[in-house]
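We did not get these values from a lab; they are worked out from the coordinates using the rules stated. Model, not experiment: these values are computed from the prediction. Every residue, glycine among them, receives a Cβ derived from its backbone with ideal geometry; neighbour counts consider all protein chains shown.
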Amino acid sequence: MPRKITMQITANEALSAEVRRITLTGDITAQPGQFVQVAVTAAHDPYLNRPFSVHDWRDGELTLLYRLVGRGTAILAARQPGESVTVVGPLGRGFPMGREHSAIIVAGGIGAAPLLFLLRRLQAAGKETAFLYGAQTAAALVLREQFQALATTYAESTDDGSRGRQGQVTELLQEVLLKQKADIYACGPEPMLRAVAKLAAAYQCRCYLSLEARLACGVGACLGCVVPARDGSYLRVCVDGPVFAAEEVFAP
Amino acid sequence: MMPDLTVTIGQLVLKNPVMPASGCFGYGEEYAAFYDLSQLGAIVVKGTTVEPRLGNAPVRIAETAAGILNAIGLQNPGVVAAKDRIRQLARYGTPVIVNVAGNSSSDYQRVIEILEDEPTVAAYEINISCPNVKQGGLAFGTDPEVVAELINKLRSATHRTLIVKLSPNVTDIVAVAQAAESAGADALSLINTLVGMAIDAEKRRPVLANLTGGLSGPAVKPVALRMVWQVTEAVQIPVIGMGGISCAEDAVEFLLAGASAVAIGTANFVNPTVCPEVIAGLSEYLKRHQLRSVQELIGLAKAAGKN
């Protein structure tokens, strides 16, 4: 059940020029794929809370990754350890554990954020994991060592070839799929998610996608964050997702 | 001694003057995770139409300075499905107000007809002011004669408390308020959202798929306060004030302006426990000012305003 709680900031550090990691302690639980809303300011401007997927949760510590994209995240970046922050969560439907022995995790840029917690859970469940990490440049592959150390196998790609394969991370996915059947998990830009869903359908693999949307309430009340469902109705990213089975949201 | 927070809206006696605003609270269940909804003075559920409505295409929300624009487009499951969800609210023992929307007067009548045998429904809030649907909604809310004709018809369709929700997107809100009162409305609620727009400078296009949307949040509070003040000068029936309320002090301001109760909308999105916090804050305010009843606050600023 989600709650509104006060959490203490224990760390708030830069991982790259654009991406930061904030660590919070407080009475909260989370499942991989869930998210929280952070009240970045009480000053009404920016007005809405900022949604961030749970990067990690263990030993009473909640970790979030965030990219500096605007005023909300700039305010958050200036918050210091020792200060407190209001958080609403945990919110949304997370990743299911899947059925296959093997799992492939596809991360695109900051889309890697919710996938560490998932990776640890899948490893703990005894699954064999392949972590495929794509970004525009080597610098944007934040925390690559962390993912590499945890996953059974690891591969990476960059648009500019500055690290790993030059090209799309979905090319790496196709290569893995040629060798094995697996449950697929992905988070990243929408074109990447669509490509992942297509490959999953072609190789008849279960596929779970974490979507991003403009959120207001985060609890299902405002109907602001909807995405079209296959049946023509709308699904709320905040409570029906943010993790969806690929076939719920994308045509194969 | 605990101050008395009771207020009366038509036939409804509310244990406190605080309710969520329609459209910001779904059918209640989303916020039940955060607190016991029986604390609320009333529960106001989402705009409900005869048939299910898909709503508008996304993007539906744009953040603005101290507020948001929304263009949800009255997405709702239709009155028959909504009725089941409304019935679930009976357990909280607090009055349930159903926001009724439609394209034609017969649409509104039909929604009421279907809900008349549902004992959980205490009152209807007639939404003549939704800015985000192509027909009906706002079209009903801008012409006093059309409002009077609609409310006359609905008055004969129910004995329950009839609240008319007014649009701020008019030249003279007082004329519309008076038309609703003389046609038999028991109460008024105001304001609905102000029509606005957001444009993305980088993408060089409107942010909302619907192009325009309704502005709400702290940004609209001064407009709402002014309209509550003007309308309560001109009508005898109680007014539920709303528009940007996010704390107890905001609620007090609306009561001082003449509102008999308040509704909290967009602030729920930012602070899911804002409603019980405002209720507690009202009590504290009354204690601090040694007032016994919240009713003493209603319109209290009027006298000062006339000096």
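Brief remarks follow.
- The stretch A:3-91 shape via C-alpha gyration tensor axes, a/c threshold 1.5: rounded
- Shielding of peptide B:59-71 by partners, expressed as the average count of other chain Cβ atoms within 10 Å per residue Cβ, is 5.
- Given +1 at the Cβ of Lys and Arg, -1 at the Cβ of Asp and Glu and no other charges, the dipole of chain B around its Cα centre is 240 debye to the nearest 20.
- In a reduced charge model with +1 at each Lys and Arg Cβ and -1 at each Asp and Glu Cβ, the stretch A:112-185 shows a dipole moment near 280 debye about its Cα centre.
- Residue of A:Ala186, A:Ala221, A:Ala30 that the Gaussian network model of chain A assigns the largest fluctuation, springs spanning Cα pairs under 10 Å: A:Ala221
- Value of relative contact order over the stretch A:1-100, rounded to a whole percent, pairs C-alpha under 8 Å and six or more apart: 40 percent
- The stretch A:62-138 versus the stretch B:204-255: alpha-carbon centroid distance in Å: 38 Å
- Per chain A, cysteines lacking a partner by the 4.7 Å Cβ criterion: A:Cys187, A:Cys205, A:Cys207, A:Cys225, A:Cys238
- Efficiency of FRET between B:Ser38 and A:Gln148 - r from beta-carbon atoms, R0 60 angstrom, step 0.05: 0.70
- GNM flexibility winner over chain A from A:Pro191, A:Pro51, A:Pro32 (Cα, springs under 10 Å): A:Pro191
- Shape analysis of the stretch A:129-174 places it in the oblate category; the axes a ≥ b ≥ c from the Cα gyration tensor give an a/c of at least 1.5, with a/b not above b/c.
- Residue exposure proxy: A:Lys181, B:Lys15, ordered by other Cβ atoms within 10 angstrom of their Cβ from fewest to most, comes out as A:Lys181, B:Lys15.
- A Gaussian network model of chain A, with springs between Cα atoms under 10 Å, assigns the largest mean-square fluctuation among A:Gly161, A:Gly108, A:Gly92 to A:Gly161.
- A straight Cα-to-Cα reach below 23 Å connects B:Lys287 with the lysines B:Lys15, B:Lys302, residues fewer than 8 places away in its own chain not being considered.
- In chain A, lysine pairs with alpha-carbon atoms under 30 angstrom apart (chain gap of 8 or more, or interchain): 5
- Annotation note: chymotrypsin sites (Phe, Trp or Tyr not before Pro) in the stretch A:48-138 located in DSSP loop regions with a Cβ neighbour count of at most 12 within 10 Å are absent.
- Other protein chain C-beta atoms within 10 Å of residue C-beta, averaged over B:261-273: 4.
- Relative contact order for the stretch B:1-75, counting Cα pairs under 8 Å that sit 6 or more residues apart, in percent: 23 percent
- Taking chain A and dividing mean pair separation by its residue count, relative contact order in percent (alpha carbons under 8 Å, at least six apart): 17 percent
- Global geometry of chain B, whether rounded, prolate or oblate, following the gyration tensor of its Cα atoms and the 1.5 cut on a/c: rounded
- Top positive-direction residue, dipole computed over the stretch A:3-91 with Cβ charges, set A:Ala42, A:Trp57, A:Val19: A:Ala42
- Overall, chain A carries a charge dipole of about 240 debye about its Cα centre when +1 sits on the Cβ of Lys and Arg and -1 on the Cβ of Asp and Glu, all other atoms neutral.
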